Amino acid sequence: MVTINDIAKEAGVAKSTVSRYLNNGSVSPKTKEKIDEIVKRRGYKPNTFARSLKAQKTNMIGVIIPRLDSPSTNEVLSGIDSKAHEKGFQLIITNANQETEREIEDINTLAKQKVDGIIFLAKEVTEKHREAIEEINIPFLVLGQETKEIPSIIHDDYGAGEKIAQHALDLGHHNFLYFTVSREDKAVGRDRYDGFFKKISRNSRAKVKMVETSFLMREAYNTAIIELKKSEATFIVGATDTIALAVMKAANDLNMSVPGDVSIAGYGGYDLLSFMSPALTTVKYPYFTIGNLAIETLEKMIMKEEVPHQQALDNQLIIKETTKKMK
């Protein structure tokens, strides 16, 4: 009797790839054609009873979040929860604390809980992640990071960087300080800065100093205290709104006026910031919307319907009180 292992060995692919093929999962056209030919030639007939058991739904969806104290994560979760409740799904939420090993552990744990699918709010997607995702062989959706092999929903982070840069140039600024995070985080640490830097660089008078810091406000604040003491920048950007807020706190503690002495902008547009003063100039991201869309997309994947490999959501520059025109 021909088995999945036999098919995988002859096709030169993993057993999980053949399993995905048999369950109408995501397989490249070239691999699908190869497995098609082997299955027909060898007369392989899958165990329909086993497949029917596997196809049973639990109406549970796993959500892996990067950390608990993130305003953007909370807004995405609100969107996920709202749409999941509407569609009758229950959520199992795990916090990986931005640790790769915990993320891998959570992927496997959720699979053992028989969830119908998993939504992963990712800071990065490594080869270890890809191996774990292929091994569990259930619908899997990545939010916030672009991936080649896995369906994802992303923000236009590069365009967001360009928007802030253009706003700063329109105000007549030429000296910039940019607080970013590790470039391992492609969306926040790389794409936002690259979009900003490329647009700024078109102005021959512009100077940009980039400083790496942390998502944590306390660490960002400590970095800002050091940098602001020696900086001549008139326009400062934080890679997130929380980093920008930490910079504002540092500027205030150094008796620097915002926006009198220095303009500050961030990324996020979190709802809670509408109650602070001065109100932060920012690029507003549709976090609630991406949460809604994640459930709608994953539901289609669970039902074995085709979904776009990648979906990108736009964002909007919101000009408030922390940026001003140079005199």
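The values are calculated or read from the model by the stated rules, or taken from the named source; none is laboratory data. Predicted, not measured: the structure shown is a model, and the values here were computed from it. Positions of Cβ are backbone-derived with ideal geometry, glycine not excepted, and every protein chain shown enters the neighbour counts. When the accessible area is computed, the model is the full protein with side chains, heavy atoms only, and any ligands, DNA or RNA have been set aside. Shrake-Rupley method; radii C 1.70, N 1.55, O 1.52, S 1.80 Å.
One table, with the values for the structure above:
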{"quantity": "Residue in the stretch 150-167 that is at pLDDT below 95, part of a loop (DSSP other than H, G, I, E, B) and touching a Lys or Arg at 6+ places or on another chain (Cβ under 7 Å) present", "calculated": "no"}
{"quantity": "Verdict on residue 311 being open to solvent by 80 Å² or more (accessible area, probe 1.4 Å) and closer than 23 Å to residue 121 by Cβ", "calculated": "no"}
{"quantity": "Qualifying residue in the stretch 181-190 (condition: part of a loop (DSSP other than H, G, I, E, B), at pLDDT 95 or above and under 16 Å from residue 283 (Cα atoms))", "calculated": "no"}
{"quantity": "Qualifying residue in the stretch 169-179 (condition: part of a helix (DSSP H, G or I) and either surrounded by 15 or more Cβ atoms within 10 Å (Cβ to Cβ) or at pLDDT below 95 (or both))", "calculated": "yes"}
{"quantity": "Every residue from the stretch 115-148 that is charged (D, E, K, R) and either without any contact (Cβ under 8 Å) to a residue 24 or more places away in the chain or open to solvent by less than 10 Å² (accessible area, probe 1.4 Å) (or both)", "calculated": "127, 130, 131, 148"}
{"quantity": "Any chance residue 221 is open to solvent by 30 Å² or more (accessible area, probe 1.4 Å) and among the aromatic types (Phe, Trp, Tyr)", "calculated": "yes"}
{"quantity": "Every residue from the stretch 76-114 that is part of a helix (DSSP H, G or I), in contact with a Phe, Trp or Tyr (Cβ under 8 Å, 6 or more places away or on another chain) and open to solvent by 30 Å² or more (accessible area, probe 1.4 Å)", "calculated": "78, 82"}
{"quantity": "Unique residue being surrounded by fewer than 15 Cβ atoms within 10 Å (Cβ to Cβ) and at negative phi when the list is 260, 291, 266, 238", "calculated": "260"}
{"quantity": "In the stretch 270-286, the residues that are modelled with pLDDT of 95 or more and buried (at least 19 other Cβ atoms within 10 Å of the Cβ)", "calculated": "280, 281, 282, 283, 285"}
{"quantity": "Top-ranked residue in the stretch 61-75 [being farther than 21 Å from residue 299 by Cβ and charged (D, E, K, R); ranked as surrounded by the fewest Cβ atoms within 10 Å (Cβ to Cβ)]", "calculated": "69"}
{"quantity": "Helices (runs of 4 or more DSSP H) lying entirely in the stretch 1-56 (those with 2 or more residues that are modelled with pLDDT of 85 or more)", "calculated": "4-11, 29-42"}
